[in-house]
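Take a look at the structure below.
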Amino acid sequence: MRRISAFLLVLLMALLLFPLRPNAQTPGWTRLVRSPGGDGWRTGSGRWQRVNYDAYRGCVSSSNCPFFPYVPSGPYTGWQTPGYDDSWWPDLTFVAWEPTWGGSFYRPIPAIGNHAARADDSLPSGVTDLHRRWFTVPDGYEPTALRLWVFSDNDSQWFINGTLVIAEHEGGSTTFDLSPSLVHPGDNLLAVAVSNDNVCTPNCNPIGVQYWLEATLAPAPPALNIGPACAGGSSRTVTWTTVAGLQYQVQAARDTAFSQDVRDSGWVGGGSTTFTNLGDGTWYYRIRARDGSGTVGNWGPTQSAAQDLTPPATTAMPVGTMGNNGWYRS
């Protein structure tokens, strides 16, 4: 009984220190990209390239070894940017799994699949790997929140579309809240540089890295075309580009707070709406979208245009021929 109680106490402490991470997507969040599951990296899951770079510059004294983050040069210059050509890098097929980790305290690893980059024992300490992985934000949507969960038993740098977002110099599992402006609808790039943080010769430890990137997504407001800056008459038609499955709401008002004389199109599936009986002067316009699940996006930027209901003034001119004593009828 005493032995069982001790075991339960140890298990409870382990779960508190290193909680299990569910493989399922967090409710309310969309998984944009994650470490490939199953038995390892596979073709189509990005590219991984080992570079001849020692982050510890040959130092093997664990207490006195400064870490030097990888700085790209030569053929790797710009490797973390979307425009870099990685076609000469190998496709990922399978990276050996270090089986002893599954039984250790690195509990997050088996939670999302067994895969790690196994550095060969003959390599120097601090050997660096580069990883590029494309992911997609659905057209017509924008992130309203963004977070990256990483497990790295090594020093690592994380980039999104070429911007450094994390420089993680300690191992462990951490969630980082990021600016949603880092990603955009369409294709985006996650890039990782990871260096073995074990200062031993020869290299004595695998390089392990896990991740997932999640966002809360809402329908993005399309660009709104409100027509000429000033239009005659009391009506105005505004247009926009539609995305399948989305509806749109457009408002017109006399003030930027949209509290005075507000006109509302209601939810429409098409790409245009017409406002009538608009008064003379300036009107403000905005648009937002919602999807089939009822998720409503943010309002787009406010635009303004004027209606001119006053006909232009005209001056009557006499008809005839100008003579010495004035106008003569023709």
Within the range 169-181, is even one residue assigned to a strand (DSSP E or B), surrounded by 19 or more Cβ atoms within 10 Å (Cβ to Cβ), at pLDDT below 90 and among the β-branched types (Val, Ile, Thr)?
no
What tally of residues in the range 244-278 results from selecting those that are assigned to a loop (DSSP other than H, G, I, E, B) and of a type in the set (D, E, K, R)?
3
Which of the residues belonging to the range 238-271 are exposed (fewer than 14 other Cβ atoms within 10 Å of the Cβ) and under 11 Å from TYR285 (Cα atoms)?
ASP255, THR256, ALA257, VAL262, ASP264
Residues of the range 138-158 that turn out to be surrounded by fewer than 20 Cβ atoms within 10 Å (Cβ to Cβ) and assigned to a strand (DSSP E or B), as a count
4
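Out of ARG57, ARG47, ARG2, ARG31, I need the residue that is at pLDDT 60 or above and either more than 27 Å from LEU182 (Cβ to Cβ) or loosely packed, with under 10 Cβ neighbours inside 10 Å (or both). Which one? Spell out how you get there, then give the answer.
Working: ARG47 fails: either more than 27 Å from LEU182 (Cβ to Cβ) or loosely packed, with under 10 Cβ neighbours inside 10 Å (or both); ARG2 fails: at pLDDT 60 or above; ARG31 fails: either more than 27 Å from LEU182 (Cβ to Cβ) or loosely packed, with under 10 Cβ neighbours inside 10 Å (or both).
Step by step, each of ARG57, ARG47, ARG2, ARG31 is checked, and only ARG57 is at pLDDT 60 or above and either more than 27 Å from LEU182 (Cβ to Cβ) or loosely packed, with under 10 Cβ neighbours inside 10 Å (or both).
Give me a count of the residues in the range 279-310 that are closer than 22 Å to ARG254 by Cα and part of a loop (DSSP other than H, G, I, E, B).
9
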Exception for THR295 within (1) within 57 Å of the chain's Cα centre (by Cα); (2) at pLDDT below 90 falls at (2)
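The values are calculated or read from the model by the stated rules, or taken from the named source; none is laboratory data. All values reported here derive from a predicted model rather than from experimental measurement. All Cβ positions, glycine included, derive from the backbone under ideal geometry; neighbour counts span all protein chains shown.
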